[in-house]
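Structure first, then comments.
The values are calculated or read from the model by the stated rules, or taken from the named source; none is laboratory data. Every value quoted in this text rests on a predicted model; they were computed, and no experiment measured them. Heads up, the Cβs are rebuilt from the backbone with ideal geometry, glycines too, and the neighbour counts pull from every protein chain shown. Quick note on the areas: whole protein, heavy atoms, side chains included, nothing else; ligands and nucleic acids left out. Shrake-Rupley method; radii C 1.70, N 1.55, O 1.52, S 1.80 Å.
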Amino acid sequence: MSVSFFRTACFFLLPVRGDVMICRILSAVALLLVCFHPHPFVGAQEQPLPGSQPDLRALEQDPANPWHPRMDSPRLLTPEWVGDQTTQAVIVLAIDDMRDPAKYEAWLRPVLNRLKQIDGRAGVSIMTNDVRPDDPQLQSWLGEGLSIECHSADHPCPLLQGGDFAKAKSTYDRCIDRMAEIPGNRPVAFRTPCCDSLNTVSPRFFAEIFSGTTAAGRYLQIDSSVFMFFTSRDPELTKDRVLDAQGAERFLKYMPKGNRFGGNLQQHFVNYVDNYPYPWVINGTCWQIPCLAPSDWSAQHLQGVHNPVTLDDWKAAIDLTVAKRGVFSLVFHPHGWIKPEQVVELIEHAVSTHGPRVKFLNFREVSERLNNAYCGGRTLREQAPAFLEQHRSSVKAQRVLTALPEQDQQVLTAVLQSPQRFGLPPVRRPDGTHNGFFVHDQHLCWQNEETSTLPDLLVRVPIETVLQQGRRSVAAQQEPLIPVGAAVVDVTPDYPVRLTGYGNRLTEASTAAVRIHARALAVGAADDLQSLLLTVDNCGVPLELTESVYQRIAAQVKIPRERFAISATHSHSAPWLRGFAPNIFAEVPADHGARLAQYEVELADKLVQVALSAVQQQVPATLHLGYGEAGFAMNRRALKDGRWSGFGEVPDGPVDKRVPLLAARDASGKLVALLVNYACHCTTETGEFNQISGDWAGFAADMLEAEYSGAVALVAIGCGADANPSPRGTHEQARQHGRTLADEVKRILTADGQMRRISARITAQLSRIDLPLGRIPTREELQQEAADKGVTGSRARYFLGLLESGKPIPSSVPDYPVQTWCFG
Ligand SMILES: [Zn+2]
Ligand SMILES: [Zn+2]
């Protein structure tokens, strides 16, 4: 659902069409998306926050960026550091995921035996999660020349996740200390779990974890988590090796794409460099030994297990690495993706083609040789190598930000000084630590423990989009004030009424636990392009009702249809408007129906009334935008093998915790209206609760209006179909969530540097689509379901009723409105 610049800066409003609306549809289609175009410009009246001034050049030269080298960066050629003049290339065979040495011994034995035929040693590294340090197999391996290295104690993917930085450090540290307990073993190297398939590698890791020490004072010296692709872009590479027989790129085909992970699609893999098979230094503390692309995982993902093409490509990679006088580590597993015989054949190829020009070393040997060559036999952090400054300052090739025109650099600097105004994370955290910011492929990116539920595990924003908005925003600061008005009306019925949202409620609600409301916001002059947004405490407003209310308003106020929208807060404890999800209740007693009809008429009148009232109350005003965050949304779509398996709490599932906030202020600065969005269902109150309530959205609006006297607070629920409030179950919890949101709005409004003025020009679009539905049950299936006492039976009886009256069950939702409003 990425129709806005910042995926998550959308208001999700809820028009409903026809008679087959179900909640699941909400997650399938962007309904009304109100998007805020961020304006990366800091106006004179809105000074940047004091503190760090992002220097674009410093960001480009960030030493913690693990993807720093480009093809023409300075190189540490293998003969320079390996200690003999014959060796042109070093290969580290580094197998992953060990917990059970017996399995690894069985799998590796042919490989180790073949290596020993070369020079009596078996130079292999085992990236280990956990072992018993006294396992005798380990001593036997160490004697043969293997090294036991680190892969994190718990193998979390991604390493940084769940907002829990300490957990990531802990699993990293515990693994180091464990491997150091093995007598005679001194771990030096780390590999990030899942680095071959997902964006699990972050500059934040190198700055804040790798560069530290364990509680026992231990640290590692090598990371081998960055992938290296050979491509034909490198003129030094022979075409027959870097291209396949058909003339296509031999290695780029393995670029990970299309992986499903935690309900999100991974489409943009950033964890790689190209044509740079050399060691480099990260953050002054870490040797990076790049991994050859593909790993055995990505090879089998593309072309199946044990594929001979994989082996051919690995052989070509060895030839290219010799030609480049480079190094790589081969990432493989004993998981059935590649056979030990194939790794033996690879060694065979290296020996027979290149003889002593290729050396197989383990990571410990690599670290010793690098340290001897460049650090006087000490570690990187003990003695910085002489080349470091030269490497660091040779950033010609990776100039992206500082290659922009001067004016754009100013815009970008302004954005990054107060990124929270644009819904972006900070470059540095408030505590001064690295926040995982980097630039990749003309995008600003962040990878940290807060981004683990996002697509690609990243915040990823095109630089050009930021700049476009920034250029436009300059004019916004000079705009005249525009008319803005807002109004609120109580829409609580004073008679019993059926609620909807849960199929188990078959009796009327006779009390209101709290009053419910409709609210309206009118922006712009009537002779220009006026926009009118209504929010209403309700589960869903049928399109027929929306259209009739629009016609009545448009008869009195000039307003284009695409500039009119009704947003239901999707409270599951509000009166049922019968065109919405009619299949939830197949049978409704006549007296219930009569009172529902009365409510529908009264609500329509009140919606017209509140809209006209908002227009009448317009005063000259300015619009301001800011972002905050609230934590009570919890993903509710439990997946099994990538498929929906029911409702549940999914802590690592995708949710959008951001709170975009629009504020309108009059000429004196007084608040006229607030529009706040949070992507979460209004389902704190469950089906056991049969009283009228606006749930958390109603509470938040009421609290904000109490706080800011005279202002109207509209609340929308964002792209919230996949999220439930957590915890949930009681009216009191709904009040608490409302309090949480209201407090966050208050914080955004009052803290320095959180809001910025935006253009009052709203771009509105409306189109209608045929929304196809899933498979329609057969008559037989419906007849079987019809006896069910719950919502399944009700739905079946409703559809059977359609069939019996000669109507087909619709296979799509016709004329489904998709509406976008972009502010600024
Ligand atoms: Zn729902
Ligand atoms: Zn692994």
Proximal aspartates and glutamates to Lys103, defined as alpha-carbon separation beneath 15 angstrom and excluding residues fewer than eight positions away on the same chain: Asp130, Asp135
DSSP-defined antiparallel bridges as percent of all bridges, the chain, nearest 5: 60
Interchain or long-range residues, amide H under 5 Å from Leu771's placed H: Val813, Asp815, Tyr816
Rounded, prolate or oblate (a/c below 1.5 giving rounded, otherwise prolate when a/b exceeds b/c) for the stretch 404-462 by Cα gyration tensor: oblate
Folded to 0 to 90 degrees: helix 543-554 orientation relative to the chain principal axis, Cα: 60
In order through the stretch 647-655: 3J(HN,Hα) via Karplus (6.51 cos²θ - 1.76 cosθ + 1.60), integer Hz, x for Gly, Pro: 7, x, 9, 10, x, 9, x, x, 9
Residue-by-residue Karplus 3J(HN,Hα) for the stretch 332-343, coefficients 6.51, -1.76, 1.60, Hz, glycine and proline x: 8, 9, x, 9, x, 8, 9, 9, x, 4, 6, 5
Placed amide H near Ser211: partners under 5 Å, 5+ positions off or other chain: none
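If packing is taken as the average number of other Cβ atoms within 10 Å across a peptide's residues, how do 276-285, 374-383 rank, most packed first?
Numbers: 276-285: 22.7, 374-383: 15.2.
The densest-packed peptide leads the list: 276-285, 374-383.
As a test of reading the structure, rank Trp287, Trp337 by solvent-accessible area (1.4 Å probe, protein chains only), most first.
Trp337, Trp287
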Proximal aspartates and glutamates relative to Lys746, as straight alpha-carbon distance under 14 Å, when same-chain residues fewer than 8 apart are discounted: Glu629, Asp702, Glu705, Glu707
Aspartates and glutamates whose Cα lies under 14 Å from that of Lys789, excluding same-chain neighbours fewer than 8 positions away: Glu587
Solvent-accessible heavy-atom area per residue, rounded to whole Å², over the chain at 1.4 Å: 37
Accessible carbon and sulfur surface of the stretch 404-462 relative to its total accessible area, %, 1.4 Å: 51
Accessible surface of the stretch 701-774 [probe 1.4 Å, protein heavy atoms]: carbon and sulfur percent: 46
Other-chain or far-sequence residues with amide H under 5 Å of Tyr272's (modelled H): Phe227
Prolate/oblate/rounded label for the stretch 666-824 (Cα gyration tensor, a/c 1.5): oblate
Relative packing of peptides 162-174, 761-773, 695-707 - highest average C-beta neighbours within 10 Å first: 695-707, 162-174, 761-773
Members of Lys257/Lys315; Lys169/Lys657; Lys558/Lys807 lying beyond 31 Å, as alpha-carbon distances in this model show: Lys558/Lys807
Accessible area of Arg561 in the full protein assembly, 1.4 Å probe (Å², nearest 10): 40
Cα gyration tensor shape for the chain, rounded if a/c is under 1.5, else prolate or oblate: prolate
Relative contact order computed over the stretch 404-462 (Cα-Cα under 8 Å; 6+ residues apart), in percent: 18
Rounded to the nearest 10 Å², the accessible area of Trp644 at probe 1.4 Å: 100
